[in-house]
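Each remark here refers to the structure printed beneath this line.
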Amino acid sequence: MTRHGGGAGTIRVRRVYDPPEPDDGVRVLVDRLWPRGLAKDAAQVDHWPKAITPSTGLRRWYHAGEGSFREFAARYAAELDAPEAADALDEVRELVRRGPVTLLTASRSPAAGHAAVLARLLGAE
């Protein structure tokens, strides 16, 4: 788990397969596809803004080992500047302003994926 900020602006990154915790706040799924084998009621997801997920091409490029995490993060941040993604990201920013937010991902290493990039971008304000 990764934690950014404090108090109302706390942003956590956790695996969606982990059981919900009382201090999760608003639970936001940040994967484009629903996690395999996970019932929707068990996940307790409050929001699922698919527009803030990396493009399929970028995801495949990164997972194929063709670039560094740093380059992936830069490309992903550029994708988040597109109008639909920027609007969805603003909605999540508003959630963070109101209280704790947990970004959920099915990734086995959330600290080396797009959820960590999102957490850094959201916590940079």
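Observations on the model:
- Expected-Rg normalisation [2.2 N^0.38 Å, Cα atoms] applied to the chain: 0.99
- Kyte-Doolittle mean at least 1.6 and Cα axial length at least 24 Å: DSSP H helices in the chain: none
- Summing Cβ point charges (Lys, Arg +1; Asp, Glu -1) relative to the Cα centre of region 1-102 gives a dipole of roughly 280 debye.
- Per-residue ellipticity at 222 nm from helix content only, as computed over the chain with -39500 (n - 2.57) for each DSSP H run of at least four residues, stands at -11500 deg cm²/dmol.
- Spin-label model, E84 to R97: label points 7 Å out along the Cα-to-beta-carbon direction sit 2.5 nm apart.
- Efficiency of FRET between D41 and R120 - r from beta-carbon atoms, R0 35 angstrom, step 0.05: 0.70
- Within the chain, longest stretch free of exposed trypsin sites (Lys or Arg not before Pro) [DSSP loop, at most 11 other beta carbons within 10 Å]: 37-107
- In a fully extended conformation the segment linking E21 and A77 would gain 17.3 nm over its present Cα-Cα distance, using 0.36 nm per residue.
- Percentage relative contact order, the chain, counting C-alpha pairs under 8 Å, at least six apart: 44 percent
Readers should treat all values here as calculations from the given coordinates under stated rules, not as data from a laboratory. This one's a predicted model, so the numbers in the text were calculated from it and none came from an experiment. All Cβ positions, even for glycine, are placed from backbone atoms using ideal geometry, and neighbour counts span all protein chains on display.
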